[in-house]
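Written below as structure tokens is the structure these notes are about.
The values are calculated or read from the model by the stated rules, or taken from the named source; none is laboratory data. Here the structure is a predicted model, which is why all the values come from computation and not from measurement. Heads up, the Cβs are rebuilt from the backbone with ideal geometry, glycines too, and the neighbour counts pull from every protein chain shown. Just the protein is used for accessible areas: all its heavy atoms, side chains included, with ligands, DNA and RNA removed. Shrake-Rupley method; radii C 1.70, N 1.55, O 1.52, S 1.80 Å.
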Amino acid sequence: MAIETKDLYPFLSKYRIPYDVHFELTNKCNIDCIHCYIHETQLEPNKCRFTVCKECNYSEYCDTSTNEIKELYTHEVIDILKQIVEMGTVNIIFTGGEVFLRKDIFHIIEFACKQGFRVSILTNGTLLDKKTCLKLGEINKKYQKLRIKFSIYGHNSKIHDSITRKKGSFEKTVNSIQLLNKYGIHTAIQVMWMRKNFKFFKDILKFVYTLSQDINTSAYLSPTVSGSESPVNLRLTDAQLKEYIKYKMEVDPPEKKLRLPPPEAGMCAASTRMATITSTGDVIPCLSLRLRAGNLRKYSFKEIWENAPLFKFLRTLKPTDFDCYFCEDKLYCIFHRCPGRAFLEKGDLFRGDYEACRFTKIFKGLIQGTPLQNKINEIEIGGDGNDL
């Protein structure tokens, strides 16, 4: 019987194996999505929610001894990949910005495949063409390690391009997906729902399934890394969110998520089996929690992962340290309350994030008087804390 990756999570967290690493290869991007949470970092790579460190409750754990602004060179990226594979990393997710703005991207991708990583690439696809897709196809044919994920925001150029603010981006993205499918590469699509495109919900879903069968949807829009709430203003209305939750309940039955992590569980995957590396070499817990554990131009990944005060602090946290654990609706909170989002929203990772609370309130209302509500009273304590 095959073991699923999720079954390994408790083991990976217990033994501090950085199984998943997001690697932001660049902050530069050739489109300007209206909901982007890191677009400010193109000019200020180390931008944080707090402009003055002493205003942050976690400044004592955050390493600000370096303030690198130059993006990592090719040889530095290669060296980091060598380091993390030795630490047990299996999944590497290359993201940006737009990774295909880097001239060395194909060298980096092939090297990562050669090291044995399962390589995922997050891209808007607008810089790919027949030649570059063929090149990716050749790499994948050799190593069988590639998965390339795109964001689609509409079923036509009018909707999609209004969100990317780049004319012609829809046509280029769709063309890239079709080419990669032709060359045998696993493609995936992320659909981010917001007020602007949700009215075309069925049309967009129908369209993306003609491009790929690996589809993920989300309605979580976070503040920017500086705390700006411009993306928050794009969130679904309560009525739209209710419809989205109904859809999620159909495709991903909530019964399997009805559990309460044991009090001794960890905070989440960040710092226990997952980390993020920024384009300037900072190691941070995750894409949302952008506190700096250390910089790879000063320390090795092993030194940061094992000894950084920030990671040591995060690993001491338990579900009972968070306000959410004592919320009367915690058993209805199955939509992944996120300390990182709480930090972006409120500057405090111990509090609930607004959107998770809104999801929970609407979900609770939807299941009132149903058999599913009765199951809430039969919750078993279990899991590793990653769903809290």
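Look at the alpha carbon pairs under 8 Å that are at least 6 residues apart: their mean separation over the length of the chain gives a relative contact order of 20 percent. If R0 equals 22 Å, the separation of the Cβ atoms of V52 and S228 corresponds to a calculated FRET efficiency of about 0.85. Counting protein heavy atoms only, the range 1-60 has 54 percent of its accessible area on carbon and sulfur, 1.4 angstrom probe. The portion of the accessible surface of the range 147-244 made up by carbon and sulfur, rounded to a whole percent, is 48 (1.4 Å probe; DNA, RNA and ligands excluded).
When the surface is traced with a 1.4 Å probe over the full set of protein chains, E250 keeps roughly 140 Å² accessible. Rounded, prolate or oblate: which one fits the range 1-128, using the alpha carbon gyration tensor with axes a ≥ b ≥ c (rounded when a/c is under 1.5, else prolate when a/b beats b/c, else oblate)? Oblate, because a/c is 1.5 or more while a/b does not exceed b/c.
Here the simple spin-label model places points 7 Å from the Cα toward Cβ, and for E303 and K103 these points are separated by 3.1 nm.
Provide, as a two-decimal number, the C-alpha radius of gyration of the range 1-42 over 2.2 N^0.38 Å, N being how many residues it has.
Values: Rg = 16.9 Å, N = 42, 2.2 N^0.38 = 9.1 Å.
Dividing the Cα Rg of the range 1-42 by 2.2 N^0.38 Å gives 1.86.
Tell me, what is the per residue accessible area of the chain in Å², probe radius 1.4 Å?
47
Each of E250 and K312 was given a label point 7 Å from its Cα along the Cα-to-Cβ line. The distance between the two points is 5.2 nm.
Between S120, S59, S279, the GNM of the chain built on Cα springs shorter than 10 angstrom shows S59 fluctuating the most.
Backbone N atoms of the range 147-179 closer than 19 Å to the 7 Å Cα→Cβ label point of K206 belong to residues 152-160. Short-range pairs are left out: with C-alpha atoms under 8 Å and at least six residues apart, the relative contact order of the range 117-191 is 42 percent. For the chain, DSSP calls about 10 percent of its internal beta bridges antiparallel. List the aspartates and glutamates whose alpha-carbon lies under 20 Å from that of K70, not counting same-chain residues fewer than 8 positions away? Hits, sequence-local ones excluded: E24, E40, E44, D79, E98, D104, D282. When only the Cβ of Lys, Arg, Asp and Glu is charged (+1, +1, -1, -1), the dipole of the chain relative to its Cα centre reaches about 1000 debye.
What FRET efficiency do you get for Y15 and Q213 if R0 is 30 Å and r is their Cβ-Cβ distance, rounded to the nearest 0.05? Please list the in-between numbers first.
Values: r = 34 Å, r/R0 = 1.13.
Between Y15 and Q213 the formula returns 0.30.
Approximating the spin labels as points 7 Å out from Cα along Cα→Cβ, the N181-to-K28 distance works out to 3.2 nm. In terms of packing, defined here as the mean over residues of other Cβ atoms within 10 angstrom, the peptides 268-278, 124-134, 92-102 line up highest first as 268-278, 92-102, 124-134.
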